[in-house]
Amino acid sequence: QLQASGGGLVQAGGSLRLSCAVSGIPFNRAHLAWYRQAPGEARELVARKFRDGSTNYADSVKGRFTISRDSAKNTVSLQMKSLNVEDTAVYYCNANDPYSSTNYWGRGTQVTVSS
């Protein structure tokens with residue numbers, strides 16, 4: 001129901017754009033987010049786009065990452081700039097339906113930043 005794409009290998013300072021196609025979920029009432037998990041670490045929130053359009057970001061990505069949602073295409077994207085080695089992780093898209101209190105997860109896409 002959530003299919004992420006766009007990961008890959010990039011040099012430090014570079015950019016990547018992740019995209020997540022959302023299906024089978026009431027898109028317009030869901031809060032959408034990107035999380036990431038580095039090896040040996042807990043999954044952490046990277047960015048969230050609430051259904052009212054407001055956003056919040058992890059301090060470590062503020063000013064570098066931008067989350068956006070496209071209601072016409074039912075997608076949520078994460079534009080990442082000025083990437084550094086610490087951004088290396090598997091990135092997961094997430095949809096939260098506040099009406100049913102259900103969380104949906106995509107499989108994840110690997111982002112590797114080389115120095």
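The values are calculated or read from the model by the stated rules, or taken from the named source; none is laboratory data. Everything quoted here is computed from the prediction, not taken from an experiment. Note: ideal-geometry Cβ built from the backbone for every residue, glycine included; neighbour counts use all protein chains shown. Protein only, heavy atoms only, side chains kept; ligands, DNA and RNA dropped before computing areas. Shrake-Rupley method; radii C 1.70, N 1.55, O 1.52, S 1.80 Å.
So, for region 1-63, what is the accessible surface per residue at a probe of 1.4 Å, expressed in square angstrom?
The answer is 54 Å² per residue.
Show me, for region 15-28, the HN-Hα J-couplings you get by feeding each phi into the Karplus relation (A = 6.51, B = -1.76, C = 1.60, θ = phi - 60°), rounded to Hz, glycine and proline as x.
Karplus values, whole Hz, x for Gly and Pro: 10, 8, 10, 9, 9, 9, 8, 10, 9, x, 10, x, 4, 6.
Could you give the size of the charge dipole of the chain about its Cα centre, using +1 on the Cβ of each K and R and -1 on the Cβ of each D and E, expressed in debye and rounded to the nearest 20?
Charge dipole, the chain, about its Cα centre: 280 debye, nearest 20.
If r is the Cβ-Cβ distance from SER71 to SER101 and R0 is 25 Å, what FRET efficiency results, to the nearest 0.05?
Given R0 = 25 Å and the Cβ-Cβ separation, E is 0.70.
Would you please name the GluC sites (Glu not before Pro) within region 8-115 that are DSSP coil residues with at most 13 other C-beta atoms within 10 Å of their C-beta?
Answer in residue order: GLU41.
Over the chain, with a Gaussian network built from C-alpha contacts below 10 Å, which listed residue (SER23, SER71, SER101) shows the highest mean-square fluctuation?
SER101
Charges on Cβ only, +1 for Lys and Arg, -1 for Asp and Glu, centred on the Cα centroid of the chain; of ALA12, SER68, ALA38, which one is farthest towards the dipole's positive end?
Positive-end residue among those listed: SER68.
For LYS62, which lysines qualify as cross-link partners when the Cα separation must be under 16 Å and same-chain residues fewer than eight apart are set aside?
Qualifying lysines at Cα under 16 Å: LYS49, LYS81.
Pick from ALA47, ALA89, ALA12: which residue has the top mean-square fluctuation in a GNM of the chain where Cα pairs under 10 Å get a spring?
Checking each option, the largest mean-square fluctuation is seen for ALA12.
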